[in-house]
1. Output the residues belonging to segment 383-409 that are outside any strand (DSSP E or B) and of a type in the set (Ser, Thr, Tyr).
2. List pairs: first in segment 513-540 and closer than 17 Å to ALA165 by Cα and of a type in the set (A, V, I, L, M), second modelled with pLDDT under 90 and not in a helix (DSSP H, G or I), Cβ under 6 Å, 6+ apart or cross-chain?
3. What about PHE602, is it within 20 Å of LYS653 (Cα to Cα), assigned by TED's automatic domain parsing to the domain that holds ARG677, at pLDDT below 90 and of a type outside the set (A, V, I, L, M)?
4. Pairs only if they're at least six apart or on different chains, beta carbon under 7 angstrom, first in segment 261-278 and under 17 Å from SER304 (Cα atoms), second among the small types (Gly, Ala, Ser); list them, first residue then second.
5. Take the residues in segment 39-72 that are of a type in the set (Lys, Arg) and without any contact (Cβ under 8 Å) to a residue 40 or more places away in the chain; name whichever of them is surrounded by the most Cβ atoms within 10 Å (Cβ to Cβ).
6. So which of SER613, SER654, SER637 is of a type in the set (Ser, Thr, Tyr) and within 23 Å of PRO125 (Cβ to Cβ)?
7. In segment 1-22, which residues are out of contact with any Phe, Trp or Tyr (no Cβ under 6 Å at 6 or more places or on another chain), closer than 16 Å to PHE59 by Cβ and either among the aromatic types (Phe, Trp, Tyr) or not in a helix (DSSP H, G or I) (or both)?
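The values are calculated or read from the model by the stated rules, or taken from the named source; none is laboratory data. What you are looking at is a predicted structure, and each value in this text was computed from that prediction instead of being measured. Cβ placement follows ideal geometry from the backbone for every residue including glycine, while neighbour counts extend to all protein chains displayed.
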Amino acid sequence: MQDRFAKNLSDALLNEFKDKIYLKDVPSAERDQQFHTRALSAMVVRYLTDCPAKRAADFVTDGADDHDIDAVAYDERQNKIWFIQTKWSRDGKANLREKDVKTFTVGIKYMLKNELQRFNHRFQPHYVAIESILDNDPQVGFVFAVARSNEIHADHQAILTECAAEVGRWYSAPATIEILTLDKLVRIARAGMGEPPINLDVHFASVETDDVPHRIYFGTVTTDEVARWYREHGERLFRRNIRGALGRTSVNEAIRTTLIERPEHFWDFNNGITIVARSGSVGMGGTGNLNDVAIVNGAQTVSSIADTVKEHPEAGRAKVLVKISITGENGDDLIREITGAANTQNRVEIRDLASLYEQQDDLKLEFRARLGLEYTTRHTEAAPDENDGCTSEEALIALACGHADHRYTVQAKALPDVLWDRSASGAYRNLFRAGITAEEIWRHVQLMRAVMSGIATAQKKLQGRAAQIADHGDLFTVHLVARQFTDRLYDDNWESSVLPAAAASAGGTLKRLIAAVDEHFRTHPSSLFKDEQKSREIEAFVAAQIDAAAPVPQLPDDYVKGRSARRNRTPNLVPLIAKHRAIEDGTLLEFRPVTREQRQLFQRWNTEDPSRSRATWVNDGGGQLLWEVDGKTYAASRLALDIINSLGDKRYKSVRGPECWHIPGRGSLKDIGLRLREELEGPETDEEAEDGLF
């Protein structure tokens, strides 16, 4: 049985991915095995993202310096990323070793710590997307595709579970783990590299039908029924939708609130769900069966209902509008038209709805009459120039940052639309409180702008984790500064004295924030500043320092541009390697930029001509790198500097050349040089031991 399953899977992989898989780095004798391993990775990518076969093949990263991450897949719209390892065997008895699993978890550590230069050239086209997703509190998934019938060993599962939990301490949620064994892989292959069609039993509370221009059913179902659909079929329900479930958004939070607090009005407030099915019927009693089903509009409604009903079963009594189109077996064009139309209707912004509030009209008039400024309340209105006024949206964020309760700043970062909630427990009435004046609002806006400007200036000098904290903690820095100046909001010398003082304090407050986060939270900043409890603790740490007038902390060298480069210079390593011929003449090296800024520029530049990232080693002569582009030899740092300075307008004075040039499977020139030096002189006393996963 295993042999037959493996043969069926092999045939499917050959049929789908022949001539699409990169094999230039593989010796002829190993090409069959490596084709199947990499094609299996591509199949998993296609299963996860529903992309074309050629695109799926581009996500395969298997090879030297892959750190046992054989493919990476991501969905930027849904903010999801999957790291994939595959094992292939023609007899259906693929072997997954503990070493493979542990190396995979080390690769995850490198990914999450943004050490992408450790990975091979197959990762380079994905650098920008990977960094963007990993910097935005993503949903992370581990997927192991193993061509055998047995589940993975319990010890291996435990290693993955521990790593997934570490991701949960780094981000808002642990990584998911999916193990695809041979039977599941064959089912995926048989379904055309996707999941089998969904057949859905439905139970309407009330239903009507029409046959023009094709069979349509419409009516209401209970939210408990919708939750059952999602419980049984998950996000596969949305495979034809433009967007899958987006997780925690302001719209989804509003759906949740209505279900819990006003379930009887859910039908009134929600736009409903649109379903397409190839065939099927619903009886007048409301019960039916639909074949090859997809939800093409309403993914957020369905996923939010499922999450809410799971936590609050009583919310399952609400009703939601559902429309079903029976398209027929040849209805592909109609399905595409329905999907497009259902997802391109004009969206009403929450800010636009807020413009209907009488108070916002009054503030618009007061801004103009008292301050001579513009105050716009609709997204269709052009935002005023900075000196001429502000939008209601900017005012709301500024008021949230200036409020004594830190929770509003957290909401402003995580779900700003939620701040418009006018319910008794909502933020709006506490921010735009009764009697608030246009002058107070304007001063809060000015304060936020001044601090954000100070943060932008300070951020130019920051790198690594410090830059991440500054980026994700910008609004929290505004909150911490506002806390120091709120009691001077009505001073007569606001613009001449108070505002400049607040702006000047931005840099020091940011340093305090970075130091507090670094000392107390080994968590990614993208999730940290969206967590109310952790943010409260950060506020307490920083406020205590400010209140005690403690000195502003000095940031580590690694966090400040220029300092780490000067400290980490290794000018003698490359000549040392050449002197001892630790690298053979003609060895291929790959250029891998170290910083995010350089990687973003390099990706576009290198795509035009991949030879720009390649050089070969030369032991004799004045330079050790023979650049493939022009056939000339260069010193490693000089060639790295020339490449970096050719990428954009910014001019660098120096770069860490030995860290940028890598030999696949052996590491960077710096790694090779340090190992050689250690062999010759003994271990470096100041080298730090490798730390834990994070």
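1. Those that are outside any strand (DSSP E or B) and of a type in the set (Ser, Thr, Tyr): SER392, TYR408, THR409.
2. These pairs meet every condition: LEU528/PHE521.
3. Yes, satisfied.
4. Close Cβ pairs satisfying both conditions: PRO263/ALA315; PRO263/ALA318; PHE266/ALA318; GLY272/GLY298; ILE273/GLY298; THR274/GLY298; THR274/ALA342.
5. Restricting to residues being of a type in the set (Lys, Arg) and without any contact (Cβ under 8 Å) to a residue 40 or more places away in the chain, the top hit is ARG55.
6. Answer to the check: SER613.
7. The answer is PHE17, LYS20, TYR22.
Every residue, every condition in (1) of a type outside the set (A, V, I, L, M); (2) touching a strand residue (DSSP E or B) at 6+ places or on another chain (Cβ under 6 Å); (3) in the same structural domain as GLN484 (by TED's automatic domain parsing); (4) touching a residue at least 12 places away in the same chain (Cβ under 8 Å), yes or no:
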| residue | (1), (2), (3), (4) |
| --- | --- |
| LEU373 | no, yes, yes, yes |
| THR376 | yes, yes, yes, yes |
| HIS379 | yes, no, yes, yes |
| GLY389 | yes, yes, yes, yes |
| GLU393 | yes, no, yes, yes |
| TYR408 | yes, no, yes, yes |
| GLN411 | yes, no, yes, yes |
